[in-house]
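The values are calculated or read from the model by the stated rules, or taken from the named source; none is laboratory data. None of these values were measured; they are calculated from a predicted model. When we count neighbours, we look across all protein chains shown, and the Cβ atoms used for this are built from the backbone with ideal geometry, even at glycine. These area figures cover heavy atoms from the full protein model, side chains too; ligands, DNA and RNA do not enter into them. Shrake-Rupley method; radii C 1.70, N 1.55, O 1.52, S 1.80 Å.
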Amino acid sequence: MSFVARLRPELITVDPSWRTFGDTIAGLAGTLAAAGLLPDGSRLAAVEAVTAREGDASTALLDIRAGVPHARLLGIARSIVALAVSSHGLYEAVPTVPIQIVALVLSPPASGAEHLKILSGIATLLRSAELRAALLAARDGVEALAALRRHARSMPR
């Protein structure tokens with residue numbers, strides 16, 4: 001299942017007040033928990049796993065002002081994703097480079113190729129300046145998801 005197919009409007013947060021990496025990851029984990037996709041009590045473990053993974057190597061794509069933080073997490077049966085967009089930036093990966101689009105990916109430890117396929121799909125889609133502009137112009141999760149679906153359909157298979 002593709003990145004876009006895993007998303008629903010309630011999993012996309014537009015213009016949140018988050019301005020740090022920690023707040024962004026906690027907010028997205030909260031979004032997944034509120035949607036019933038992250039088991040009770042797993043929110044903190046998700047934030048810690050993503051933060052540890054990010055400590056190994058940044059997942060920010062500085063040239064396109066996007067980030068794809070991710071981690072493997074015990075207690076989930078399948079890969080889950082949440083997205084946040086903000087023209088003001090969600091956090092700065094390095095000084096003066098605001099990350100405007102963040103796709104959080106959490107996968108079960110044994111997900112292997114599926115986890116990598118999701119990450120690759122996100123990176124490929126977000127390379128489109130047209131899609132990034134549409135996401136940043138979206139007023140809500142419905143508009144953002146519509147932009148993602150339009151763009152995904154136009155991609156070569």
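Is there any pair linking a residue in the stretch 39-62 that is under 16 Å from Ile80 (Cα atoms) and among the small types (Gly, Ala, Ser) to one that is open to solvent by less than 30 Å² (accessible area, probe 1.4 Å) and in a helix (DSSP H, G or I), with Cβ under 8 Å and at least six apart or on different chains, and which? Partner pairs satisfying both residue conditions: Ala46/Ile25; Ala46/Ala29; Ala46/Leu32. Taking residues in the stretch 10-38 that are within 16 Å of Thr51 (Cα to Cα), and partners anywhere that are of a type in the set (Asp, Glu), the pairs with Cβ atoms closer than 8 Å and at least 6 places apart or on different chains are Phe21/Glu54.
Reported count of residues in the stretch 46-68, each being in contact with a helix residue (DSSP H, G or I) (Cβ under 6 Å, 6 or more places away or on another chain) and more than 19 Å from Asp15 (Cβ to Cβ), is 4. Total residues in the stretch 118-136 satisfying the condition of being in contact (Cβ under 8 Å) with a residue 40 or more places away in the chain and either open to solvent by 70 Å² or more (accessible area, probe 1.4 Å) or within 26 Å of Arg78 (Cβ to Cβ) (or both): the figure is 9. Of the residues making up the stretch 1-51, those that are assigned to a helix (DSSP H, G or I), among the basic types (Lys, Arg) and open to solvent by 30 Å² or more (accessible area, probe 1.4 Å) number 1. Gly67 meets all of the listed conditions (1) under 17 Å from Arg19 (Cα atoms); (2) of a type outside the set (Val, Ile, Thr); (3) surrounded by fewer than 17 Cβ atoms within 10 Å (Cβ to Cβ) but one, namely (3).
Check the stretch 52-64 and report whether any residue there is surrounded by 16 or more Cβ atoms within 10 Å (Cβ to Cβ), in contact with a strand residue (DSSP E or B) (Cβ under 9 Å, 6 or more places away or on another chain) and acidic (Asp, Glu).
Scanning the stretch 52-64 turns up at least one residue that is surrounded by 16 or more Cβ atoms within 10 Å (Cβ to Cβ), in contact with a strand residue (DSSP E or B) (Cβ under 9 Å, 6 or more places away or on another chain) and acidic (Asp, Glu).
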